[in-house]
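The block underneath contains the structure these notes are about, expressed in C-alpha cells.
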Amino acid sequence: MPRITNKLFRKAKEISNYLPPLLKANRSIEKAQLELKWIKEELPRKEWVSAVNQRSKLVPLQYILRTQPFGELNIICRKGVLIPRWETAEWTESLANLLTSHGFDDLNLLDACTGSGCIPLLMQHKFSKSCLKLNSTGLDISPKAISLAKYNLEKYKSNNPTFYVHSNFEIADLFDPRLGVELHETKENTVDLVTSNPPYVLSKDYTKSVLRFGVEKSVRLHEPALALLGDNEFYDQLINNLVIPSRAIGFVFEVGYISQVQFVREMLDNEVWGVGLRYDSAGNVRCVIGWQKDKKLSVLESMCKEVFND
C-alpha cells in the first residue's frame, strides 16, 4: 500500500482542502478525487466537511452517502448493517434473469441473513419488470437489519407504485431448529427457493490485511462482525433448518471458500440433489447452488461453472 508522503499531501491540498483527509482511506489523489466527487454529488454542502472527516477515520463511504448501488437499485445503508457488495448483486441479477427468462411466476423465495434486504428487493424488481410475481420473505437475527430492510422495502414501493411487490421481513434465528418447520406451517405456500449471503469469512482471514488476502481495515472497524464471521456452521443450519424442513426445491448461497462448497455438497443426497459452484467475474468462487433433480428449479444448473455429478 503506497505511503502518504508530505509531497502527496501538499499536492492534494493544492487541488482542494477537502482532499487531504480522504488520502488516508484512498492512498491516491485520483481515488480521493473520485470519492470527493461522489460526496459533492450526493450530499448537501453543509455535510461535506463532516463527510471527509468521517472518511479519514475509515468510515465506509456507503455509510456516509447512505446508499449503495445494487444492480438496478439504490439500497439505503446504515451503520450496523452489512453494506451490499457487487459480487452479491452480480449473482442475484443472474439468478433473477434466469428465472424470469423461463417465465417462473408466483415463485416463493426465502432469503436468510437478509441484511439490508438487497437480495429479495432486487429479485422483486426484476420479476416485476417482467410482469411476473415473486413472493419473498427475508430473515435476519439483527433488529437493525430488519428495520433497514423494511425501510428499503417501503422506499422501493414508494418509488415503484405500479409494481407488484409481495415481500416482508422478519426477525429470525437461523440456528433455531424449529425455524423451517414453523415457516412451512405458517406460510400459505411452500418455499421454492432459498437464497442467502451468510457470514462466511474465516477468523484467520478476518484479521489479515488486504495485501495478505484479508479484510479491509474499514470493514473490520465499522461493519458488523456478526454479518461477516462464520464458516460451515451457517451452511449446516441453512440446509437443516431451512432448505429441508421448508421443502425448498432449490437454493443459492454465497460462499468465500471452496471448502464451503464441498461441505454443502456432502450434506445432500446426490440421488435427489444436484449441486454446483459459480465463480464471480473476478474469478473467485462465489456461490454454491443446489436443485432437486426432478423439479422445476433444475434450471439452476445453468448458473454453475462446475457441477458435481457423483
Exercise for review: Would you kindly state how much longer the chain becomes between K11 and L221 on full extension, computed as 0.36 nm times their sequence separation minus their alpha carbon distance, in nm to one decimal?
Suggested key: 72.8 nm
Study note, to complete from the structure: Simple SL model, points at 7 angstrom along Cα→Cβ for K305 and R85; separation in nm is 1.4 nm
Check your understanding: For region 80-308, what is the percent of antiparallel DSSP beta bridges, rounded to the nearest 5?
Key -> 40 percent
Exercise for review: Counting only DSSP beta bridges with both residues in region 59-192, tell me the antiparallel percent, nearest 5.
Suggested key: 25 percent
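Take peptides 217-226, 154-163 and line them up by average Cβ neighbours within 10 Å, highest first, as a rough protection proxy.
So the order, starting with the most tightly packed, is 217-226, 154-163.
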Review point. For the chain, which semi-axes, largest first and in whole Å, follow from the square roots of 5 times the eigenvalues of its Cα gyration tensor?
Key: 37, 22, 17
Review point. Pairs K37/K79; K133/K296; K24/K46; K57/K208; K57/K150: which exceed 26 Å Cα-Cα?
Key: K57/K150
Review point. Listed here are the pairs K126/K157; K126/K155; K31/K155; K11/K40; K7/K31; which of them are more than 23 Å apart at the Cα?
Key: K31/K155
**Study point:** Difference of contour (0.36 nm per residue) and Cα-Cα distance, K296 to V49
**Key:** 83.5 nm
Practice item. Putting +1 on Lys and Arg Cβ atoms and -1 on Asp and Glu Cβ atoms, find which of N6, L43, A32 reaches farthest to the positive end of the dipole of region 6-57. Key: N6
Check your understanding: What helices in the chain pass both tests, a Cα length along the helix axis of 15 Å or more and a mean Kyte hydropathy of -0.5 or higher, using whole DSSP H runs?
Key -> 86-101, 118-129
**Study point:** Mean-position separation - Cα centroids, region 223-269 and region 147-206, in angstrom
**Key:** 15 Å
Exercise for review: State, as an integer percentage, the relative contact order of the chain based on alpha-carbon contacts under 8 Å between residues 6 or more apart.
Suggested key: 13 percent
Study note, to complete from the structure: Projected onto the charge dipole of the chain (unit charges on the beta-carbon of Lys, Arg, Asp and Glu, signs +1, +1, -1, -1), the Cα from N17, S209, Y63 with the largest positive-side position is that of N17
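Just the number, please: percent antiparallel of the DSSP beta bridges in region 188-300, rounded to the nearest 5.
For region 188-300, the DSSP antiparallel bridge percentage is about 70.
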Study note, to complete from the structure: Short to long, in 5 Å steps from zero, the percent of alpha-carbon pairs of region 230-310 per bin is 3, 16, 29, 27, 18, 6, 1
Check your understanding: Can you give the extra length, in nm with one decimal, that the chain gains between T207 and S94 once fully stretched, where that is 0.36 nm per residue apart less the Cα-Cα distance?
Key -> 37.5 nm
Review point. For region 178-298, what's the relative contact order in percent, using C-alpha pairs closer than 8 Å and at least 6 residues apart?
Key: 27 percent
Check your understanding: Taking K and R as +1 and D and E as -1, what net charge do the other residues with C-beta under 9 Å from the C-beta of Y279 add up to?
Key -> +1
Point to revise | Positive minus negative residues near F263 (Lys, Arg vs Asp, Glu; Cβ under 9 Å) | key: -2
Practice item. Note down the net charge around F175, summing +1 for each Lys or Arg and -1 for each Asp or Glu among other residues with Cβ under 12 Å from its Cβ. Key: -3
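Readers should treat all values here as calculations from the given coordinates under stated rules, not as data from a laboratory. All figures in this text were calculated on a predicted structure; none of them were measured in a lab. Counting neighbours? That spans all protein chains shown, and the Cβs are built from the backbone with ideal geometry, glycine included.
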